[in-house]
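A short write-up of the structure that comes next.
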Amino acid sequence: MLRLVRLGFPLAAATCLIVACATQPPPPVEPPPSTPVVVDNNVQPPAETPPISVVQAATEAYHSAADAPLVLAKIQSSGTDPASLSVEDQGIYANLLLATGKYKPAAEMFRHVLEIQAGNKDALTALVLLTGLDGDTSSQKALIDELVYRYPTDTDVLNLQAQNAFSQGDSSGARSAWEASIQSGPTPDALVGLAMLALQTKKTKDAIALLNRAEGLTQANDLLYSLRSQAYTTLGEYLLAENDLTHAITLMPENSWYYLDRARLNLLNLKKPVQALADAEQALSLDSSLFYAWEYKAEILESQGKAKEAYQAYRKALALEKNFRFSYPAVATLAFRLQDYPQAILYAHEAAKDFPGEYAFPIIEALSLRFLGKKSEAQTVLEKNQSRFPRGTTVNELYRFLLAPENDTYLNAALSREPKENIRVRVQFYQACQYVALKAYSSARAGFQLASESRLPGIPEIAAARDWLDHGF
């Protein structure tokens with residue numbers, strides 16, 4: 001759903017387009033020729049040049065939306081009653097209010113324009129966007145219906161109708177409006193909209209064909225390249241997908257989602273973690289609330305062995321989305337590795353809920369409790385979970401040793417028989433942690449040394465053993 005909202009032509013964003021277009025300074029008023037007029041052989045004086053309006057004079061200083069506050073202030077300081085302005089000037093004034101975030105006064109002025117000139121397209125369009133911002137969907141639909149009634153073949157109106165239908169989840173209505181728009185004359189917006197619908201229904205190649213047509217009309221539509229990147233990713237054409245995302249970023253460098261999409265592509269498909277990390281950080285510099293950017297950053301930093309930075313990034317991610325369950329295993333092992341025992345208890349407890357077959361999380365929780373001096377609580381956690389693992393197995397013997405640490409004979413025997421290196425290495429790490437709790441530091445160091453010598457990839461306990469050797473325990 002998030003993806004569809006982001007790509008669904010949000011009406012709030014479209015407001016900026018209306019403002020940018022409608023508040024452009026009007027063309028200079030050309031004075032009429034000053035040639036004397038001859039009437040009945042009498043020479044008449046030349047007609048006087050009509051005065052430039054207050055709005056026209058003020059908008060001479062308008063070059064971009066950043067100038068809107070200054071231009072608006074000039075008009076207001078003149079003492080001119082906006083209601084006395086011409087319809088054209090009222091429209092400009094309303095858009096200046098819109099550009100400066102004064103949405104209610106802007107809406108009032110656009111309604112005043114409609115009272116004077118019913119069916120004014122710009123005013124109706126602006127009110128569609130403003131009612132959308134207010135969440136007034138019924139008024140918004142009525143305004144769109146009036147626009148379509150008055151301008152049934154106008155491609156801008158039909159695209160607006162389609163975008164609104166799409167944002168409301170009405171794919172059929174959106175398709176009808178975009179197809180009607182194309183019949184009036186193909187536009188990039190209509191072709192891109194139909195491509196979105198094609199992607200929704202898994203018609204990837206159809207989407208690419210539509211987007212290629214749109215590109216033939218314009219190469220300045222960033223959404224076009226973002227969507228085509230999605231299509232290429234679905235087809236496994238990852239380099240083409242990356243190229244299109246790079247093009248989208250060039251066109252819209254302030255869009256944090258494009259960096260996030262390229263980060264995901266580089267991380268998961270192109271296996272370029274350095275580039276993925278750079279994109280995730282750029283996305284966060286634009287919007288620090290992007291959960292997945294923190295998640296990607298954490299994963300990459302962890303793979304690079306940067307435990308502290310990865311741990312902080314995971315915690316940022318979970319602060320934004322605590323129900324993202326897949327983060328808990330990684331953040332639990334990192335918290336324990338970095339000896340943040342209070343957090344390790346919480347994270348390991350959560351991770352165990354989703355991964356009941358994983359033996360390490362109850363052990364992390366119990367050892368963290370033990371390091372904090374909560375021996376009885378640690379014992380309860382261990383007793384509750386030991387029975388889940390068959391007697392005689394290395395893991396069961398680890399639980400027995402943790403419950404009765406005065407005798408490690410059975411555990412050592414099980415380790416000597418254990419054929420799987422990954423189990424042997426992980427158990428040796430937690431055995432060494434128990435030696436730390438017992439203050440048997442020589443035995444602990446030996447256990448950490450054995451675990452750290454393994455070259456198995458992707459085992460968090462190996463990295464943790466090296467950290468504990470290097471930084472102390």
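The values are calculated or read from the model by the stated rules, or taken from the named source; none is laboratory data. Quantities reported herein were computed from a predicted structural model and do not represent experimental measurements. Heads up, the Cβs are rebuilt from the backbone with ideal geometry, glycines too, and the neighbour counts pull from every protein chain shown. To get the accessible areas, we keep the full protein, side chains included, count just its heavy atoms, and leave off ligands, DNA and RNA. Shrake-Rupley method; radii C 1.70, N 1.55, O 1.52, S 1.80 Å.
Looking only at the range 211-259, residues that are within 16 Å of Ala283 (Cβ to Cβ) and not acidic (Asp, Glu) come to 14 in all. Kindly indicate whether Ser368 is out of contact with any Ser or Thr (no Cβ under 9 Å at 6 or more places or on another chain), assigned to a helix (DSSP H, G or I) and farther than 28 Å from Ser303 by Cβ. For Ser368, the condition - out of contact with any Ser or Thr (no Cβ under 9 Å at 6 or more places or on another chain), assigned to a helix (DSSP H, G or I) and farther than 28 Å from Ser303 by Cβ - is not met.
The residues on offer are Ser256, Ser288, Ser303, and the sole one that is open to solvent by 70 Å² or more (accessible area, probe 1.4 Å), small (Gly, Ala, Ser) and more than 23 Å from Ala451 (Cβ to Cβ) is Ser288. Looking at Phe326, Phe361, Phe336, just one residue is under 23 Å from Leu284 (Cα atoms) and in a helix (DSSP H, G or I), and that residue is Phe326. Residue pairs whose Cβ atoms lie under 6 Å apart, separated by 6 or more positions or on different chains, with the first residue in the range 291-308 and within 15 Å of Lys271 (Cα to Cα) and the second open to solvent by 60 Å² or more (accessible area, probe 1.4 Å), are Leu301/Glu309. Close contacts from the range 143-160, counting a first residue that is open to solvent by 30 Å² or more (accessible area, probe 1.4 Å) and a second that is in a helix (DSSP H, G or I) and aromatic (Phe, Trp, Tyr), with Cβ to Cβ under 9 Å and a gap of 6+ residues or different chains, come to none at all. Scoring Thr49 on the criteria (1) modelled with pLDDT of 85 or more; (2) surrounded by fewer than 18 Cβ atoms within 10 Å (Cβ to Cβ); (3) more than 44 Å from the chain's Cα centre (by Cα); (4) of a type in the set (S, T, N, Q) leaves a single failure, condition (1). Using the structure shown, decide if Leu369 is under 17 Å from Ala432 (Cα atoms) and surrounded by fewer than 18 Cβ atoms within 10 Å (Cβ to Cβ). No. I need the full set of residues from the range 224-246 which are touching a residue at least 24 places away in the same chain (Cβ under 8 Å), buried (at least 20 other Cβ atoms within 10 Å of the Cβ) and either β-branched (Val, Ile, Thr) or touching a Phe, Trp or Tyr at 6+ places or on another chain (Cβ under 8 Å) (or both), in order please. Within the range 224-246, Ser226, Tyr232, Thr233, Ala241 qualify. Is it the case that the range 175-186 has a residue that's of a type in the set (Asp, Glu) and open to solvent by less than 70 Å² (accessible area, probe 1.4 Å)? Checked against the condition, which is being of a type in the set (Asp, Glu) and open to solvent by less than 70 Å² (accessible area, probe 1.4 Å), the range 175-186 yields no hits at all. Restricted to the range 392-440, the set of helices (runs of 4 or more DSSP H) holding at least 3 residues that are free of Cβ contacts under 8 Å to residues at least 24 places away in the same chain, more than 24 Å from Gly458 (Cβ to Cβ) and open to solvent by 30 Å² or more (accessible area, probe 1.4 Å) comprises 409-417. Can you name the residue in the range 125-150 that is charged (D, E, K, R) and closer than 18 Å to Pro105 by Cβ and, of all such residues, is modelled with the lowest pLDDT? Among residues in the range 125-150 that are charged (D, E, K, R) and closer than 18 Å to Pro105 by Cβ, the one modelled with the lowest pLDDT is Asp134. Return a yes/no flag: does the range 447-460 have any residue that is small (Gly, Ala, Ser), at positive phi and either touching a Cys at 6+ places or on another chain (Cβ under 6 Å) or open to solvent by 30 Å² or more (accessible area, probe 1.4 Å) (or both). For the range 447-460, residues small (Gly, Ala, Ser), at positive phi and either touching a Cys at 6+ places or on another chain (Cβ under 6 Å) or open to solvent by 30 Å² or more (accessible area, probe 1.4 Å) (or both): present.
All conditions but one from (1) of a type outside the set (A, V, I, L, M, F, W, C); (2) outside any loop (DSSP other than H, G, I, E, B); (3) within 18 Å of Phe336 (Cβ to Cβ); (4) out of contact with any Asp or Glu (no Cβ under 9 Å at 6 or more places or on another chain) apply to Gly458; the one that does not is (2). Here Ser139 clears all of (1) closer than 20 Å to Asp170 by Cα; (2) of a type in the set (Gly, Ala, Ser); (3) open to solvent by less than 30 Å² (accessible area, probe 1.4 Å) except the condition numbered (3).
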